[in-house]
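The values are calculated or read from the model by the stated rules, or taken from the named source; none is laboratory data. The shown structure was predicted, so the numbers you read here are calculated from the model rather than taken from an experiment. Please note: Cβ atoms are built from the backbone with ideal geometry, for glycine as well, and neighbour counts cover all protein chains shown.
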Amino acid sequence: MSSSSSPEILRNRLLWEDSSESDNSSDYENRPIRAPRNFRMRFDHFTRWSDEEFRVRFRLTKETVRVLEQRFQDDIAPKTARNHAITAMQQILIVLRFCATGCMLQTVGDFAGIHKATATPEYINMPRTPEEIERNKRNFYRIAKFPRVIGAIDCTHIKIISPGGANAENFRNRKGYFSLNVQVVGDANLYIRDIVARWPGSTHDQTIFNNSLLKARFENNEFGNSIMVGDSGYALRKYLITPMLDPTVNVEHVFNESQIRSRNPIERLFGVLKRRFPILSLGIRLSLDSAKLVIIACAVLHNIALSLNEPDPIDDPFVTADYGSNENAAGIDGPRENPRENNNLRHEFLLYFMNLLEENEA
C-alpha cells in the first residue's frame with residue numbers, strides 16, 4: 001500500500017465510524033420504550049370481610065376455606081412465583097366466587113379437574129364396609145322407620161348453554177332450556193354418595209340409572225339386602241323401592257308416607273347444594289366438559305363442607321337464583337308398572353308396616 005493512499009484510507013475509516021455511531025445513536029433514541037408492568041393489588045379477603053360477609057361472597061366459612069387450601073395445595077399451587085402467579089388460596093377463592101355468581105373465568109377448569117385423579121373417590125362414595133352400610137340404614141330408619149335404606153336417588157337439571165353441534169337439541173329438557181340431567185344418590189345426612197353428571201337434559205331418569213355403574217353394583221349384590229328409595233320416575237326393583245301409584249288400604253298409605261319421607265333427604269340435598277353454589281341454578285356458561293367438572297367440583301365441596309360442620313349457606317342479596325330442588329317428574333316416557341310383579345316386590349315391606357300398625361293398635 002502506497003504512502004499517498006494511507007491518509008485517504010484513514011479519513012474514510014473515520015468517516016464510516018462517525019456515521020455508524022450516528023446511526024446507532026439514532027436507533028437507540030427512536031426505539032419504543034416498554035411500558036412499566038402494572039401489578040394490581042390483590043385484596044386479602046380474610047381481613048377485608050367479616051365472617052358473615054365472607055360466607056355470603058364465598059359460600060363457606062373462613063375456616064373451611066383454609067382447610068381446602070391445605071388439602072388441595074399440592075394439586076393447584078403454581079410451580080413458581082414469577083409474574084405474580086395466582087396462589088392456591090386465590091384460586092380457591094376465585095372458584096368459590098364463580099360458583100356463587102356464575103361469573104366467567106378459566107381457572108375453575110383447572111381447579112375442578114383435580115377430581116379426576118384424587119378428589120372424587122375420597123369425598124364421594126357409596127358405603128363400602130358392613131359398618132358403614134348399617135350406619136346408613138340406621139340413619140334412614142330414624143326418619144320414617146323404612147328398613148334397609150342406604151340411599152335416596154333422584155335427578156336434577158343443571159342449566160348450561162347450548163353445546164352446539166348436531167346433537168345440541170338432545171340437551172334441551174322438557175322445560176325448554178339446555179341442561180345436564182344429573183343423577184345423585186344422597187344419604188340421610190345430605191352427603192352425596194354417588195353422582196353422574198354427563199347426560200343431556202332430555203334423557204329420562206331411568207335411562208341414566210340403567211346405564212350407571214351404580215345399577216351394576218346393586219345387581220351384583222355388592223350392598224347385600226340394602227335398598228334405595230326413589231320416586232315414580234324409576235322402575236321398581238328389589239333394590240330400588242318406589243311409591244305405590246294408587247294406594248287403597250291403610251297399610252299402603254302408610255307405606256307411601258314412609259317411603260316419601262325417607263326420600264325427602266335427596267330433595268333437601270338439592271336445595272342445600274344449589275343455595276350454597278348458585279351457579280348450579282343460575283346456569284353454567286362454560287364448555288360442556290368444563291360444566292361437568294364444575295358440577296363434580298361443587299359436589300366435592302358440598303361434602304367437605306358437611307364434614308366440617310359448615311353452617312347452612314347464606315343467600316347472597318346480589319345473586320338471584322331459583323333454588324328449587326328436583327325438576328324431574330315421571331313423564332309419559334317413564335317406566336310402566338306391572339301391578340302383580342310390583343306387589344310381590346313390595347310384599348315384604350307391606351307386611352312389615354302391617355305389623356307396625358298392629359303393634360301400635362295393641
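Of note:
- Matching residues, the stretch 201-235, being in contact with a Leu (Cβ under 7 Å, 6 or more places away or on another chain) and either at positive phi or at pLDDT 95 or above (or both): G201, I227, M228, G230, Y234
- The one condition from (1) surrounded by 17 or more Cβ atoms within 10 Å (Cβ to Cβ); (2) closer than 30 Å to R346 by Cα; (3) touching a Ser or Thr at 6+ places or on another chain (Cβ under 7 Å); (4) not small (G, A, S) that L245 does not meet is (1).
- Considering I114, I160, I133, the condition of being at pLDDT 85 or above and closer than 23 Å to K274 by Cα is satisfied by I160 alone.
- Cβ-Cβ contacts under 7 Å between residues 6 or more apart (or on different chains), taken from a first residue in the stretch 282-308 that is in contact (Cβ under 8 Å) with a residue 40 or more places away in the chain to a second residue that is among the charged types (D, E, K, R) and part of a helix (DSSP H, G or I), are listed as H302/R276; A305/R276.
- With respect to (1) free of Cβ contacts under 8 Å to residues at least 12 places away in the same chain; (2) outside any helix (DSSP H, G or I); (3) in contact with a helix residue (DSSP H, G or I) (Cβ under 7 Å, 6 or more places away or on another chain), the lone exception for T248 is condition (3).
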